[in-house]
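Asker: Supplied in structure tokens, the structure appears directly below.
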Amino acid sequence: MTVIDRSVVQRMETMVNCHKADVIQHHFGISLNTWAKLRKGMAIRNSVAERLVSRLTQVAH
């Protein structure tokens, strides 16, 4: 399990204009449940964290 740094989650929050499931899935490729865990500072599965980091890296470039 992996905890995503709070600064990353804060940056993600600025990237979306609402917290609907389809918006979160489109932008980050994660479920609304995973999004809720991230916002609460909870750990997520390693495979999901790796996919998320990869996606965020692609968006940044």
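Asker: Identify the residue in the range 34-61 that is out of contact with any His (no Cβ under 9 Å at 6 or more places or on another chain) and of a type in the set (D, E, K, R) and, among all such residues, is least open to solvent (accessible area, probe 1.4 Å).
Answerer: Looking at residues that are out of contact with any His (no Cβ under 9 Å at 6 or more places or on another chain) and of a type in the set (D, E, K, R), I get Lys37.
Asker: Still on this structure: Among what's in the range 3-33 and is of a type in the set (Gly, Ala, Ser) and part of a loop (DSSP other than H, G, I, E, B), pick the residue that is most open to solvent (accessible area, probe 1.4 Å). Even if it seems obvious, please write down each step before you answer.
Answerer: Filtering the range 3-33 down to residues of a type in the set (Gly, Ala, Ser) leaves 7, 21, 29, 31.
From the residues that got through so far, the ones that are part of a loop (DSSP other than H, G, I, E, B) too are 29, 31.
Details: Gly29: 10, Ser31: 52 Å².
Result: Ser31.
The values are calculated or read from the model by the stated rules, or taken from the named source; none is laboratory data. All values derive from a computational prediction rather than experimental measurement. No Cβ is skipped: glycine too gets one built from the backbone with ideal geometry, and neighbour counts run over all protein chains shown. Side chains are part of the model used for accessible areas, which takes the heavy atoms of the whole protein and leaves out ligands, DNA and RNA. Shrake-Rupley method; radii C 1.70, N 1.55, O 1.52, S 1.80 Å.
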